[in-house]
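Engineer: Structure provided below as structure tokens; questions to follow.
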Amino acid sequence: MKKPFLQAFGKEEATPTKYPIHEIRYRSNDGRTLEVVNNIEPMDAKQVKAMKELFDKRLTSFDPINKSGVWRYREFLPAFKPFDTVVTMCEGNTTIFSMPICARFCGTNNLFAKHQGLNPTGSFKDNGMTTAVTMAKKLGAKMVACASTGNTSASMAAYAARAGMQSIVFIPDGQIAYGKLSQSLDYGALTIQIDGDFDAAMDIVEDISNRGSIYLLNSINPYRIEGQKTIMIEMLHQLGWESPDWVVVPGGNLGNSSSFGKAFSELKQAGFIKKIPKIAVIQAEGANPLYKSYIAKNPVLTPVHAHTRATAIKIGNPVSFDKAWFAVESTHGIVEQVTEDEIAAAKSMVGRDGIGCEPASATTVAGCKKLVSKGVIKKSETAVCILTGHLLKDPDYTVEFHQDELYLDADRKSSVSGTQKIKTKGLSNRPVKLPANANKILSYIEKWSKTK
Ligand code: F0G
């Protein structure tokens, strides 16, 4: 097998510049994002069967490198060889749930959710952070940094702590959910609140990382994308290597959708799957640069000023735009946008299925509903929504929703000046205040149970 290397992503070149896998750089000389070229060799049916059996066998192992739902698939991660410095928290291993209530809500028959919120720090970021921090360790990094809407920072801070590295997070002041902020504080990261949005924080952290000793761990880092590929590899493993028709994923900085596209092309190349699932990237209407370009059929990024209560995806200038464009195009997928009301309603349905998720994750169910209504996703087709973060990441949103007090503006300042209230459409589940009297409570419960 040829050794992996780094290469600029994008336009075809006769003699593309190759960069060594252990060179610290985040962009090519001409400023493009980098990707790991793995040179995955095609396998014959016997080899594929043997490797699938190996993956099955690793499921019964207690060795962390096999227990991890990332490193279990390490044959697809050759850039990290040898695997003797792996920093793992047994990430991945996230369940695929059937979603009967959401399926009814979307008007489809076969709806599933792979819940990445069941990861050690509660989001899909752990899949990519285990690989990126492992590489940071190989490269001798002592200090790591990222800009974040909250989940990357939580994940990075945790993995850096496990690896004995110092971590620095740059977050937009007052714009990240408390669950996430509490994590990076507890894991010991230097937490810098930037007077600006995520896009501003991203520019600053890239600049600082280019100046020297700090290693950048945003998804511009190609080793993050490598780890996140395993979300799809594990999903296919769980589905008996039968591809669903659709994979539905939220779009923010667009690292996740990019990694899914890369996973599918490598799995196809290896002979692991015959059919490639179509990727549907869903963006919030107020943070929709990919959607806008997609509708205009123009593969050029025009940044937007982002606004959404789904703060995880409040991103207007996504780093992995080109890679995500390729993921959608190469899988014959689609990009859709959803409103704040649609996100809120979909999130409450995910809750009713007993699962729950954070707002950004609910764009998938909202997007699925829209795509079913447009006839893009057929009723009979199988769709897997990727729930990217845990319900408890953003409890304020959920409680405000159920009290019918959810505003587009998080600090509700503009509720005075008439800001938009997000509609709960009769889906809220208000807490009730009752006197401490057993008879009165029982009579209330009796009436309540009849309404259900
Ligand atoms: N869902 C959640 C819960 C996220 O935290 C993010 C991104 C996304 C979806 C979008 O994924 O960026 O790969 O398109 N959160 C980042 C962060 C940007 O800093 O935590 P993406």
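The values are calculated or read from the model by the stated rules, or taken from the named source; none is laboratory data. It should be emphasised that the depicted structure is a prediction, and the values quoted were computed from it without experimental measurement. Using ideal geometry, Cβ is built from the backbone for each residue, glycine included, and neighbour counts are taken over all protein chains shown. Surface areas here come from the heavy atoms of the whole protein model, side chains and all, with no ligands, DNA or RNA. Shrake-Rupley method; radii C 1.70, N 1.55, O 1.52, S 1.80 Å.
Engineer: From the backbone phi of the stretch 203-216, what are the Karplus-calculated ³J(HN,Hα) couplings (6.51 cos²θ - 1.76 cosθ + 1.60, θ = phi - 60°) in whole Hz, Gly and Pro given as x?
Structural biologist: Values, residue by residue: 4, 5, 5, 5, 4, 5, 5, 5, 8, x, 7, 9, 9, 8 Hz.
Engineer: Just want to confirm a number: the relative contact order over the stretch 1-89, from Cα pairs under 8 angstrom separated by 6+ residues, in percent.
Structural biologist: 28
Engineer: For the chain, with all protein chains present and a 1.4 Å probe, just round the carbon and sulfur fraction of the accessible area to a whole percent.
Structural biologist: Carbon with sulfur: 53 percent of the solvent-accessible area.
Engineer: A further question follows. Report the equivalent ellipsoid semi-axes for the stretch 206-272 in whole Å, largest first, defined as the square roots of five times the eigenvalues of the gyration tensor built from alpha carbon atoms.
Structural biologist: Result for the stretch 206-272: semi-axes of 29, 12, 9 Å.
Engineer: Then there's this: Helix 438-451: angle to the longest alpha-carbon principal axis of the chain, degrees 0 to 90, nearest 10?
Structural biologist: Tilt of helix 438-451: around 70 degrees.
Engineer: If you consider only alpha-carbon coordinates, what radius of gyration and Dmax does the chain have, in Å?
Structural biologist: For the chain, the Cα radius of gyration and maximum Cα-Cα distance read 21.8, 81 Å.
Engineer: Rounded to the nearest 10 Å², what accessible area does ILE295 show when all protein chains are kept and the probe is 1.4 Å?
Structural biologist: Accessible area, nearest 10 Å²: 100 Å².
Engineer: Next question, about the same structure. Check which residues have an amide H placed less than 5 Å from TYR215's amide H, if you skip close sequence neighbours.
Structural biologist: Close amide H contacts, sequence-distant or interchain: MET143, VAL144, ALA145.
Engineer: Quick check: residue separation of SER98 and LYS378 times 0.36 nm, minus the Cα distance between them. What number comes out in nm?
Structural biologist: Residue separation times 0.36 nm, minus the Cα-Cα distance, leaves 99.1 nm.
Engineer: So what's the angle, to the nearest 10 degrees on a 0 to 90 scale, between helix 222-238 and the longest Cα principal axis of the chain?
Structural biologist: That helix lies at roughly 70 degrees to the long axis.
Engineer: Which loop GluC sites (Glu not before Pro) in the stretch 6-103, with loop taken from DSSP, have no more than 11 other Cβ atoms within 10 angstrom of their Cβ?
Structural biologist: Working: sites: GLU12, GLU13, GLU23, GLU35, GLU53, GLU75, GLU91; in loops: GLU12, GLU13, GLU23, GLU91.
Here the sparse-neighbourhood loop sites are GLU12, GLU13, GLU23.
Engineer: Something else: Quick check on my link table: of LYS2/LYS278; LYS142/LYS274; LYS57/LYS370; LYS125/LYS452; LYS2/LYS137, which ones sit more than 31 Å apart, alpha carbon to alpha carbon?
Structural biologist: Numbers: LYS2/LYS278 29 Å; LYS142/LYS274 43 Å; LYS57/LYS370 40 Å; LYS125/LYS452 37 Å; LYS2/LYS137 23 Å.
Listed pairs above 31 Å: LYS142/LYS274; LYS57/LYS370; LYS125/LYS452.
Engineer: Could you compute the FRET efficiency for GLU41 and LEU392, with r as their C-beta to C-beta distance and R0 at 51 Å, rounded to 0.05?
Structural biologist: It comes to 0.75.
Engineer: From the backbone phi of the stretch 304-314, what are the Karplus-calculated ³J(HN,Hα) couplings (6.51 cos²θ - 1.76 cosθ + 1.60, θ = phi - 60°) in whole Hz, Gly and Pro given as x?
Structural biologist: Per-residue couplings from phi come out as 10, 8, 7, 8, 6, 6, 7, 4, 4, 10, 7 Hz.
Engineer: What do you reckon, how do HIS307, HIS390, HIS237, HIS332 stack up by accessible area (1.4 Å probe), largest on top?
Structural biologist: HIS332, HIS307, HIS390, HIS237
Engineer: Taking H placed 1.01 Å from N in the peptide plane, check which residues at least 5 places from GLY271 or on another chain put their amide H under 5 Å from its amide H.
Structural biologist: Close amide H contacts, sequence-distant or interchain: MET43.
Engineer: Further question on the same structure: With a cut-off of at most 11 other beta carbons within 10 Å, and DSSP calling the residue loop, which GluC sites (Glu not before Pro) in the stretch 257-363 qualify? Please list them.
Structural biologist: none
Engineer: I would also like to ask the following. Taking 0.36 nm per residue of sequence separation and subtracting the Cα-Cα distance, how much length would be gained by fully extending the chain between LEU185 and ALA161, in nm to one decimal? It would help to have the intermediate numbers written out before the result.
Structural biologist: Working: separation 24, 0.36 × 24 = 8.64 nm, distance 1.15 nm.
Net length gain for the segment: 7.5 nm.
Engineer: Given the DSSP H assignment, sum -39500 (n - 2.57) over each helix run of at least 4 residues in the chain and divide by its residue total; what's the result at 222 nm in deg cm²/dmol, nearest 500?
Structural biologist: That calculation yields -12000 deg cm²/dmol at 222 nm.
Engineer: Now for a different question. In Å², what does the accessible area per residue of the chain work out to with a 1.4 Å probe?
Structural biologist: Dividing the accessible area of the chain by its residue count gives 42 Å².
Engineer: Compute the relative contact order of the stretch 274-372 as a whole-number percentage, counting only Cα pairs closer than 8 Å that sit 6 or more residues apart in sequence.
Structural biologist: Numbers: 155 pairs, mean separation 32.2, N = 99.
That works out to 33 percent.
Engineer: A further question on this structure: With only alpha-carbon pairs counted, each pair once and no self-pairs, how large is the Kirkwood hydrodynamic radius of the stretch 312-450 in angstroms?
Structural biologist: 17.6
Engineer: Same structure, new question: Express the Stokes-Einstein translational diffusion coefficient of the stretch 207-343 in µm² s⁻¹, to the nearest whole number, given a Kirkwood radius over alpha-carbon pairs, 20 °C and a viscosity of 1.002 mPa s.
Structural biologist: 138
Engineer: On a 0 to 90 degree scale, rounded to 10, what angle separates helix 151-163 from the longest Cα axis of the chain?
Structural biologist: 50
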